[in-house]
Every structure is written in C-alpha cells, then in structure tokens.
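Student: Here it is: the structure, laid out below.
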Amino acid sequence: MTSRRATDTRYWLASQRGPLLAAALFTAMFALFVVEHPAGLSANVVNTAANKGVLLALVAIAQTIPVLTSGLDLSVGSVFVLSNCVASSLVAGSPGEVALGVAAVLACGLLCGALNGLVVVIGRLQPIIATLATGAMYTGVALWLRPAPGGAINEDFADVITGSLGDRVPFSVILLVAVVVVIWIPYRRSVLGRAAYAIGSSEQAAYMSGVPVARAKFVAYVLAGLFAAIAGLVLTCLTYSGEANALLGGSYTLSSVAAVVVGGTSLYGGAGGAIGTIFGAFVLRTIGDLLFVFDIDPLSQPLFLGVVLLIAVSLGSFRLLKVKKRLDLYR
Amino acid sequence: MTIGGLFRRIDRALVAATGCIVVLLIAGALYDRNFLSPDYLLQQLQVAAFLGVIATGVMLVVLLGHIDLSIPWVVTIGGMMSTAAAGHDGWAGSLAIPIAVASGLAIGVINGIGVAYLRVPSMIFTLATNAIAQGLMVVHTSGFAPEDHATPAMHALAVERSILGIPNAVVVWGVIGAGTVVVLKRTTFGRRVYAIGNSERAVYLSRGNVRRIVVACFAIAGACSAFAGVLLAGYSTKAYQAMGDPYLLPAIAAVVLGGTSILGGRGTYLGTVAGVVLVTLLQSMLSIMQISEAGRQVIYGAVIIVMLLVYGRSAKVVS
C-alpha cells in the first residue's frame, strides 16, 4: 500500500518542519554568502565559517536538551566561559597531559551541569532563575581561575581541532557530527531521552506513566554542561588562551536560546531536537557573515541582526492563521 | 481580625525576605559600625530606588507569567535619549524625561504586541527587541560616547534630597510603588493581571481583554526601565553603552526573592520592595567587605540559590 507510506512521509515531514526550514534557510543563506564572498568557496572561508558556527551550535545543543524538558539553562554561556578558562590552564604539555586536560575540562562541564540538575530537580527551583544564579557562580569561578586573560593550549592539538581535514572538510564539523552521532542520537533513543520529550509535553502525564522524571531532568542538565564544556574546549583551540569574559558568556547564552527557537524547538518543551538547533545556530552565524559581505555599515550591523532575529522569531506566528477557535489562542 | 488570621495573611516570602534583610543588617553592623548609620542606610535606599523602579515593571510582566529580557538596553535607551535631549536648548531640552520615557514605552508596546498578538514566547521576543534597542543605540551614538548632559530636573530627581533629607529618588520610587499597589489591589485591571498569570483562558472566557492587558503591562515595564535609565543618567550625569546590563539579573532576582512566582499569578508588591532592598544590601555588603569580583559573583549566586531553597521551592509533582 503506497498510501500508507505516503502518510508516514507526510507525518515525518510535518514533525520535522522546523529543522527542515532551518536547513533550507541556512543552505540558501550560505550559498548567497559564498557567491558574494570575494574569495568564493575557498577552504579558508569555509573553515572560518564552520568554526564560528560549530562554537554556537555546541552551546545551542547544550541549551536544547533542558528546553526539551520545558526547562531552560541560562548558565550555558558561563559554563562555556569557565571551561575555556580551565582548558587554557590544563590542556598543555605532552599528549598524555593533553588527554588528561581534556578529560578535566569535560568533567568540569559535567560537574556544573550536575549542580544545575541538583538545584532544579532536588531543590525544585524554577530553572530560569536557578540557572541564572548558578551562572553567576560559574562566572565567579572563571574569574578566580583567570583574573586576567591569558594561559595557553597545546598548539598542535588546537590546530588539529580548528584545521581542515585534507584541506577540504573542517575538522570542527567532523567533531560536531561525531558529537551528534556518539552522544545525541543514542541519548535521543534512550529511555532518558524519550523521557525528556515526555516531560516537556506534560510532566504530570509523564510522572503518572512511570517515566523517570527526576532522573531524566537531572541528566538533561548534566548533558547541557557537557556540551557547553566541549564548546569551551573548541573556543580555547580557536583563541589559544582563556578569558573570563562574562559578556561573551551572556551573549552566547542569549544566542543559544535564539538558535534553539530558529531551529524549530519549542520553548514550551516536548518538540524539536539537536539537529534543527545546529542549523539554527548556523543560520544565526551566517546572518553576521552576510552583513559583512554585503558591506553593511558596521555601525548598523547590530540593528540589522536584531531586526532579522525579530522577523525570524515572529515567522512562527503564521500558525495562528490556522487556529480555528479563538479560545485556543490562550493557554 | 484575630492575630492568627493576621499572621496567616502575611506572605511567607515577605517574612523570610525581611528576616534575611535583618540578618544582613546585623552582620553588616558587626563588620562595620557605620553600616547602621542613617546616612548610609538612606544612601542604600537611594541606590535601591533605581533597581526598585525597574523591578516594578519586571514584577508586572512576571505576574502575567511572562518575562522581559529587553531591560538592559531599554534602560540604556532611557539614559541616552534623555541625555541627548538634554543637550538641545529649547523645548527638546525641557522635555528630556518625557521623551526618554516615551521611547521606553514604545519598545514596551512592541514587546507587548509580539507577545500578546503574535504569540511569540516572551523570552525570545524581548531578546530580539533588546538586540534591536542595542542596534538603535549603536547607530545613535555612532559608537562614540554619547553626550553627557543632564537637565536640572533629572539631576534633582536622582540626587537631591528635597523633603526631610529623604532622597528624591526614594520618593519617586514610593510614588510609583503606591500607584502600583493601588492598581494591582483595587482595579479590575490589576486583578486581571493576577488572573492572566493563573489562566489566560479563564480571563478570556470571563470577557477580559487579555491582549490589551498584556500590552499594557509590557508598555509599563518599558516605561519603568527607561525612567530608571533617566534616573541613572541624572545620578552620574552621563549615559553610556550597556549601562543597563548590570540590572537584569538583580531585577529578576529581587522580584523572585520577594515571593512573586516566576510562573505568574502570585506575588505582592511589598515582597518586591523587600526583594529590592535585600539585593541592594547584599551587593553593598559584598563590595564593602572588599571581596574580589570573583568571590562576589560566587557568593551572590550562592546566596540567591540558598534563599530560594529556603522559601522559593515549587510544589512536588505527585499527580
């Protein structure tokens, strides 16, 4: 029966509309960028764009997982900055020491995530305010580690991470794909991953159905910490140093929320995923690149970015036209 | 009313926040005798007034179950528009304060329309308007430091002490606060603000105009933030990029520590006042004790978590 398969495809398309839209948008924008760029599709242009995009994509994946549980993690930017500071102190020396340092950075992210998870799950505080407060604490620790910008990272390691494989494929993209394949997809298919979606749809229903609510929420925040730490590691590889830059952390936190929304994940939880978020992050980064190649006055670039962001987040309002009962507009 | 009835009517969060204020004051007095001098306390109230004006708007929005992340740059718009207008002679100079407040009001109305009519989640929509406000101010100042004028009226409101040595900023906050209490407690509008936080559908079905109320609250929040920007510009006679950034976390923290539920529908203005004083005292103590910026951030975050653990926990999901 072909009709059945057609229905399945239609359902799949409907459920993946957000990610597909973001992917299409990114493809169109990136094509425009490459066409307009004086250097064209050179390995260098692609690599630079990829590194910037992957950085935000990793932080945004970190944001996605708590958002799926209808939570929020406003400390991802702080964990990102903190792991940058940790990496600039520990990821140096012999290959063995580098490996240990990387493990330490990831452990630091896991620890921050675990604290967030404890506060939200055991402490039963609202995630938005709890992670705002823990974020301040992580920024404090980062400042304590690096009162002034500095530090170093094993440059061979850094060059591998930020370089291109065979002068064609940026290694950061391979890293991103690897992270998705090794962490996100198994998580998405595990009991805890499905529990995260269930909690986002209805925490009460999930609880009554025997879903491990507490464990799933805790793991969501821990994974957020892990992804933010991976991003911090990549940042250190890009800058060769560490800086406790609270403004950078704040801007990444806010951009991560925007990337999550542009990538089709609902802020109310229960729908979306990391794949859409990745395209959302790349869309946001490409906007900046486009403003650059089209020679927009640097002073009006922030304004353009804001207007594009506003239009992007308002596009979802077209669904309102399909609402038949006015009562359904209200929650 | 019996004493027991009175006791039950008093908000638990308000009691806890007041208790924390007393503990902070005692700890401060043990550290430095000057901490309890009237002059120092009045100065703290004056600093608190700026945060208090912002927190008033934040509270209205939070009561609806929404959040306003455009505070930082709306505060900056308030500061910059007022100093820019003050730089002109003639009518623009004398209208510096209304011009600035109207700019904030306009951003607030846009926020409200996005949230109420376009149904975009408030967190992301106000994030976008914050980016636009920042973009507008970067264009306005061309990246340079803006004019550093303040009209005499702005200076008087922010710095001088006209009545019985009470700072005018505190009086202004008191007037705004009293107005807010009356509106929230005594008007249909105010009751509906609480009702929307509990159930928009119920308000819609009982013929309340949900959208108009949401727009009004965001508009008031924008106006409050911009007015706080005016006061800050009057206080330091200058406006600068990102002058509003340090006010987002404290304002939200003050409202939540004051017992307003971040999910909306529950909270008192008196609690917000206590929250504002609490946050201001905490910041002031940490700077007096000359703790490094790093330690200050850690303690600040930890104290907020601990206080919320004491009285800000949400109900357990049991069914």
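Student: Just to verify a result, which residue in the stretch B:279-307, among those that are of a type outside the set (A, V, I, L, M, F, W, C) and within 11 Å of another protein chain (Cβ to nearest Cβ), is surrounded by the fewest Cβ atoms within 10 Å (Cβ to Cβ)?
Tutor: The selected residue is B:Ser292.
Student: Determine if the stretch A:84-98 includes at least one residue that is within 13 Å of chain B (Cβ to nearest Cβ) and either within 21 Å of the chain's Cα centre (by Cα) or at pLDDT below 90 (or both).
Tutor: Within the stretch A:84-98 (the criterion being within 13 Å of chain B (Cβ to nearest Cβ) and either within 21 Å of the chain's Cα centre (by Cα) or at pLDDT below 90 (or both)), the answer is yes, since at least one residue qualifies.
Student: Is it the case, given these coordinates, that B:Leu248 is of a type outside the set (Val, Ile, Thr), within 10 Å of another protein chain (Cβ to nearest Cβ) and under 18 Å from the mean Cα position of the chain (by Cα)?
Tutor: Here the answer is yes, as B:Leu248 does meet what is asked.
Student: Let me ask another. So, B:Val310, is that one over 30 Å from B:Ala116 (Cα atoms), out of contact with any Leu (no Cβ under 9 Å at 6 or more places or on another chain), within 10 Å of chain A (Cβ to nearest Cβ) and surrounded by fewer than 17 Cβ atoms within 10 Å (Cβ to Cβ) or not?
Tutor: Spelling it out, it is not the case that B:Val310 is over 30 Å from B:Ala116 (Cα atoms), out of contact with any Leu (no Cβ under 9 Å at 6 or more places or on another chain), within 10 Å of chain A (Cβ to nearest Cβ) and surrounded by fewer than 17 Cβ atoms within 10 Å (Cβ to Cβ).
Student: Out of B:Val53, B:Val47, which single residue is modelled with pLDDT of 95 or more, part of a helix (DSSP H, G or I) and more than 27 Å from A:Ile287 (Cβ to Cβ)?
Tutor: B:Val53
Student: Out of the stretch B:245-279, which residues are closer than 20 Å to B:Leu25 by Cα and outside any helix (DSSP H, G or I)?
Tutor: B:Gly258
Student: Just to be sure, is B:Gly258 within 27 Å of B:Ile107 (Cα to Cα), within 14 Å of chain A (Cβ to nearest Cβ) and either touching a Cys at 6+ places or on another chain (Cβ under 8 Å) or surrounded by fewer than 22 Cβ atoms within 10 Å (Cβ to Cβ) (or both)?
Tutor: No.
Student: Is at least one residue of the stretch A:281-299 farther than 17 Å from A:Arg17 by Cα, in contact with a Gly (Cβ under 9 Å, 6 or more places away or on another chain), at the interface with another protein chain (Cβ under 7 Å from one of its Cβ atoms) and not in a helix (DSSP H, G or I)?
Tutor: No, the stretch A:281-299 has no match at all.
Student: Tell me yes or no: at least one residue of the stretch A:146-155 is β-branched (Val, Ile, Thr) and either assigned to a loop (DSSP other than H, G, I, E, B) or over 22 Å from A:Leu55 (Cα atoms) (or both).
Tutor: Yes, the conditions are met somewhere in the stretch A:146-155.
Student: Find the residue count for the stretch B:260-315, including only residues that are within 26 Å of B:Pro121 (Cα to Cα) and hydrophobic (A, V, I, L, M, F, W, C).
Tutor: Of the residues in the stretch B:260-315, 6 are within 26 Å of B:Pro121 (Cα to Cα) and hydrophobic (A, V, I, L, M, F, W, C).
Student: Further question: What helices (runs of 4 or more DSSP H) completely inside the stretch A:174-226 contain at least 2 residues that are within 30 Å of A:Val160 (Cα to Cα) and under 18 Å from the mean Cα position of the chain (by Cα)?
Tutor: Here the list reads A:185-189.
The values are calculated or read from the model by the stated rules, or taken from the named source; none is laboratory data. Note that the structure is a prediction, hence the values are computed from the model and not measured. Cβ coordinates were reconstructed from backbone atoms using ideal geometry, including for glycine residues, and neighbour counts include every protein chain displayed.
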